[in-house]
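A.B. asks: Here's a structure for you.
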Amino acid sequence: MTFPTHRPRRLRQSGAVRRLMAETHLVPSQLVLPMFVREGLTEPQPISSMPGQQQHTIDTLRRAAAEAAEVGVGGVMLFGVPAVRDAIGSGADDPAGILNIATAAVAEEVGDQLVVQTDLCLDEFTDHGHCGVLTDEGVVDNDATLERYASMGVAQARAGSQLLGLSGMMDGQVDAVRRALDAEGHVDTLIMAYSAKYAGAFYGPFREAVDSQLTGDRRTYQMDPPNAREGVREALLDVEEGADAVMVKPALPYLDVLADVRQSVDVPVWAYQVSGEYSMVEAAAQNGWLDRRATIMDSLMAIRRAGADTILTYWATEAAGWIRDSLR
Ligand code: PBG
């Protein structure tokens, strides 16, 4: 009789055995690349709080989208940075607005190779930086904002966006945008709802990326970090309203919510590895404190393991390249 009876280490004895026995896999099509395009640029502008990321010109945006497609990335998610802002975010649903023009350019470039996606939120376009329009008292007005989102959704679909990322955290936003799309015949335009989007510090670097005008915070509409059950409730409501996929965001700090949501819905579940998660790893790697590539791959695998079908990550193109190389 040999001892011990159980030897789980047998599963880890070599690279070949580990590869055969792996429970979770990561392939390039599961990754989506978020990118920023800024109105009026002639040269791309580095984002200092996100080393390696930039505000693109339309030209460099096209090129980056083509590179992502080349390595098999599943989609690109576009964020626009307008030159002029106002109280209602007029640039958001203006067909000549930066995001809509850029969407058309990217759709033309790679629309048949990957899924071209757009952020549907007003914060980049408002002069106060909030995700919606304000009442006279300065409070974010949920229902008035829904009308703006509906108009923005139609403008994005017309521009060629194939999937709308509803990131504003207004109640009823999926329903409002779905109705508006369908009324215009855009029945095939997908809606991915940022269902459990938590307020907090992890979006810090992104605020530089989009030149955010926000003073204060988003705590009356984005979720409160202590609440996990409420994240599941938000996801279930969005599915009921017709969301094609739901999201949990940020990713690594909210793996528990991701796993709960995965158990609770039968639509694809996405996770957003946000700017703060990105910059933490980049900073530690720059200091020589973390092995950059290994840490990135560990984090992506953890997010997949917790239940994400698809991951938005600023490392999408690079990671897809590594995955491809490792399969050769
Ligand atoms: C809102 C939006 C934000 C992010 C994605 N969509 C900013 C916010 O909610 O403040 C953050 C993404 C990141 O931090 O990488 N349009």
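The values are calculated or read from the model by the stated rules, or taken from the named source; none is laboratory data. Being a predicted model, the structure only gives us computed values, none of them experimental. Here Cβ is always computed from backbone atoms with ideal geometry, including for glycine, and neighbour counts include all displayed protein chains. Quick note on the areas: whole protein, heavy atoms, side chains included, nothing else; ligands and nucleic acids left out. Shrake-Rupley method; radii C 1.70, N 1.55, O 1.52, S 1.80 Å.
A.B. asks: Could you figure out which of (1) closer than 11 Å to S195 by Cβ; (2) open to solvent by less than 40 Å² (accessible area, probe 1.4 Å) isn't true of E277?
C.D. replies: Of the numbered conditions (1) closer than 11 Å to S195 by Cβ; (2) open to solvent by less than 40 Å² (accessible area, probe 1.4 Å), the odd one out for E277 is (1).
A.B. asks: In region 195-223, what residues are near the ligand (Cβ under 9 Å from one of its atoms) and not in a loop (DSSP other than H, G, I, E, B)?
C.D. replies: K197, F202, Y203, G204, P205, F206, R207, A209
A.B. asks: How many of the residues making up region 172-181 are surrounded by fewer than 19 Cβ atoms within 10 Å (Cβ to Cβ) and touching a residue at least 60 places away in the same chain (Cβ under 8 Å)?
C.D. replies: Narrowing region 172-181 to residues surrounded by fewer than 19 Cβ atoms within 10 Å (Cβ to Cβ): 172, 175, 179.
Subset that is touching a residue at least 60 places away in the same chain (Cβ under 8 Å): 172, 175.
Counting residues in region 172-181 that are surrounded by fewer than 19 Cβ atoms within 10 Å (Cβ to Cβ) and touching a residue at least 60 places away in the same chain (Cβ under 8 Å) gives 2.
A.B. asks: I'd like the full set of residues that are among the hydrophobic types (A, V, I, L, M, F, W, C) and modelled with pLDDT under 95, limited to region 207-225. Let's see the steps before the verdict.
C.D. replies: So in region 207-225, the residues among the hydrophobic types (A, V, I, L, M, F, W, C) come out as 209-210, 214, 223.
Across region 207-225, the qualifying residues are A209, V210, L214.
A.B. asks: Restricting to region 259-276, and then to whatever is in a loop (DSSP other than H, G, I, E, B) and over 20 Å from F202 (Cα atoms), can you tell me which residue is farthest from the ligand (Cβ to nearest atom)? Walk me through how you get there before you give the answer.
C.D. replies: So the first thing to find is which residues in region 259-276 are in a loop (DSSP other than H, G, I, E, B), and the list is 265-268, 273-274.
This time we only want the ones that are over 20 Å from F202 (Cα atoms), so: 265-268.
Numbers: V265: 21, D266: 25, V267: 20, P268: 18 Å.
Selected residue: D266.
A.B. asks: Output the residue which, of all residues in region 238-258 that are more than 30 Å from Q54 (Cα to Cα) and open to solvent by 70 Å² or more (accessible area, probe 1.4 Å), is farthest from the ligand (Cβ to nearest atom).
C.D. replies: E240
A.B. asks: Turning to a different aspect of this structure: Taking region 115-127, which residues are part of a loop (DSSP other than H, G, I, E, B) and either crowded, with 24+ Cβ neighbours inside 10 Å or within 8 Å of the ligand (Cβ to nearest atom) (or both)?
C.D. replies: Taking region 115-127 and keeping what is part of a loop (DSSP other than H, G, I, E, B), we get 121-125, 127.
Those that are part of a loop (DSSP other than H, G, I, E, B) and either crowded, with 24+ Cβ neighbours inside 10 Å or within 8 Å of the ligand (Cβ to nearest atom) (or both): C121, L122, D123, E124, F125.
A.B. asks: Assess whether A294 counts as being open to solvent by less than 20 Å² (accessible area, probe 1.4 Å) and either touching a strand residue (DSSP E or B) at 6+ places or on another chain (Cβ under 6 Å) or away from the ligand (no atom under 12 Å from the Cβ) (or both).
C.D. replies: no
A.B. asks: Here is a further query. Surrounded by 21 or more Cβ atoms within 10 Å (Cβ to Cβ), farther than 27 Å from V84 by Cβ, aliphatic (A, V, I, L, M) and in contact with a helix residue (DSSP H, G or I) (Cβ under 9 Å, 6 or more places away or on another chain): which single residue out of A228, A201, A196 fits that description?
C.D. replies: Numbers: A228 fails: surrounded by 21 or more Cβ atoms within 10 Å (Cβ to Cβ); A201 fails: surrounded by 21 or more Cβ atoms within 10 Å (Cβ to Cβ).
The match here is A196.
A.B. asks: Is it the case, given these coordinates, that D112 is without any contact (Cβ under 8 Å) to a residue 40 or more places away in the chain, under 20 Å from Y194 (Cα atoms) and open to solvent by 20 Å² or more (accessible area, probe 1.4 Å)?
C.D. replies: Working: without any contact (Cβ under 8 Å) to a residue 40 or more places away in the chain: yes; under 20 Å from Y194 (Cα atoms): no; open to solvent by 20 Å² or more (accessible area, probe 1.4 Å): yes.
So D112 fails the test.
A.B. asks: In the set L20, L41, L33, L26, which member is open to solvent by 100 Å² or more (accessible area, probe 1.4 Å) and of a type in the set (A, V, I, L, M)? Steps first, answer last, please.
C.D. replies: Details: L41 fails: open to solvent by 100 Å² or more (accessible area, probe 1.4 Å); L33 fails: open to solvent by 100 Å² or more (accessible area, probe 1.4 Å); L26 fails: open to solvent by 100 Å² or more (accessible area, probe 1.4 Å).
Checking each option against the conditions leaves just L20.
A.B. asks: For Y314, which of the numbered conditions (1) among the hydroxyl-bearing types (S, T, Y); (2) open to solvent by 20 Å² or more (accessible area, probe 1.4 Å); (3) not in a helix (DSSP H, G or I) fails to hold?
C.D. replies: Tallying (1) among the hydroxyl-bearing types (S, T, Y); (2) open to solvent by 20 Å² or more (accessible area, probe 1.4 Å); (3) not in a helix (DSSP H, G or I), Y314 fails exactly one: (2).
A.B. asks: Let me ask something additional. Could you tell me how many of the residues in region 167-194 are outside any loop (DSSP other than H, G, I, E, B) and either more than 24 Å from R38 (Cβ to Cβ) or more than 14 Å from the chain's Cα centre (by Cα) (or both)?
C.D. replies: Let us first name the residues in region 167-194 that are outside any loop (DSSP other than H, G, I, E, B), namely 173-183, 190-194.
Pick out the ones that are also either more than 24 Å from R38 (Cβ to Cβ) or more than 14 Å from the chain's Cα centre (by Cα) (or both) and you get 173-183, 190-191, 193.
Summing the residues that are outside any loop (DSSP other than H, G, I, E, B) and either more than 24 Å from R38 (Cβ to Cβ) or more than 14 Å from the chain's Cα centre (by Cα) (or both) in region 167-194 gives 14.
A.B. asks: I need the full set of residues from region 230-268 which are touching a Ser or Thr at 6+ places or on another chain (Cβ under 6 Å) and of a type in the set (D, E), in order please.
C.D. replies: E234, D238 - these are the residues of region 230-268 that are touching a Ser or Thr at 6+ places or on another chain (Cβ under 6 Å) and of a type in the set (D, E).
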